[in-house]
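What follows is one structure encoded as structure tokens, with my remarks underneath.
Each value in this text was obtained by applying a stated rule to the coordinates, not by laboratory testing. This structure is a prediction, so every number in the text was calculated from the model and none was measured. Neighbour counts run over all protein chains shown; Cβ positions are idealised from the backbone, glycine included.
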Amino acid sequence: MSADHAADIDKHVRAYMMVFGALLALTVVTVAIFYLHLSAPAAIGLALVVATVKGSLVACYFMHLISERKLIYVVLILTVFFFISLLLLPVLTSITDHPGV
Amino acid sequence: MEIPYTVSARPDTGLTNGKLGIWLFLASEVMLFGALFASYIMLRVGGATWPKGAEILNVPLATANTIVLITSSVTMVMAWASLMRNNFSKYRLYMGLTILLGFVFLVIKYFEYSAKFHHGLAPSTNTFLAIYFTMTGLHGLHVIGGMAVNSYFWGPGAKLWRQNPTWFTNRVEHSGLFWHLVDLVWIFLFPTLYLL
């Protein structure tokens, strides 16, 4: 194994430890938001933002998406598009349920 | 039959076949859990009332489980990094810890489930508990599946390290990608079911 390669892995490992710290801190934030007893829209919005940041950290660093091949990004962009469409389906249904509102 | 492109990248995709395969599988997993999250939204928006998760479920236990899974993701990635550093004994240690943490998660989940059943709370009680048991149950099955694959790579599958270390390292990375997805799903399940 070359020295360059070893140094590269050391850099990765340092990043993993920083992400670990950030994930633990954000878990505390998630629970803290709950105990603040905010209004439902504010609590849901904030909790989802924090969860998205945590999820992105896991995907980018632990799953190495920060430096992945183009084909994988193409697959994931399609997946994200259909995932969001799926989540919007119930919302669209509730709109057509009450056409007058 | 020899499997092609396990070590070197396939020229047209720029990826090993295993890497592309696991990402396609993970994409299908995202859609599987996506369908359940969409069902959750539909049940919640369509329900006349919706209970507060924290009044029914155990937030401290779920917080502990969040920390357990996050830690297991770190040990998983450290197992892979150990192989990249040519340190097999460290790999065994980190992979063993990952499996152990998966087990701890399941034990905590068992206590949560049995407390619910003890109080007469079952999936048939109401739609909230139905979607709670469905989502966390399916997630739990994924934890068991990930533990099974990781155990194979900790034990008998590790023989490959001596014959073809690069292939073995790639296989551990792919197993890790699945394990991180299981962690990622829980990161969203925890606030959705317990806190909102």
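Observations, loosely collected:
- Subset of the range B:6-41 (residues that are under 13 Å from A:Leu71 (Cβ atoms) and more than 26 Å from the chain's Cα centre (by Cα)): B:Ala9, B:Arg10, B:Pro11, B:Asp12, B:Thr13, B:Gly14
- Of the candidates A:Leu65, A:Leu48, A:Leu71, the single residue that is within 8 Å of another protein chain (Cβ to nearest Cβ), over 26 Å from B:Ala64 (Cβ atoms) and surrounded by 12 or more Cβ atoms within 10 Å (Cβ to Cβ) is A:Leu71.
- Conditions (1) on the phi > 0 side of the Ramachandran plot; (2) part of a helix (DSSP H, G or I): number failed by B:Val104: (1)
- Condition met for B:Ile108 (surrounded by fewer than 19 Cβ atoms within 10 Å (Cβ to Cβ) and either of a type in the set (Lys, Arg) or without any contact (Cβ under 8 Å) to a residue 60 or more places away in the chain (or both)): yes
- Selection status of A:Thr79, closer than 22 Å to B:Ala27 by Cα, of a type in the set (Ser, Thr, Tyr), part of a helix (DSSP H, G or I) and more than 7 Å from chain B (Cβ to nearest Cβ): no
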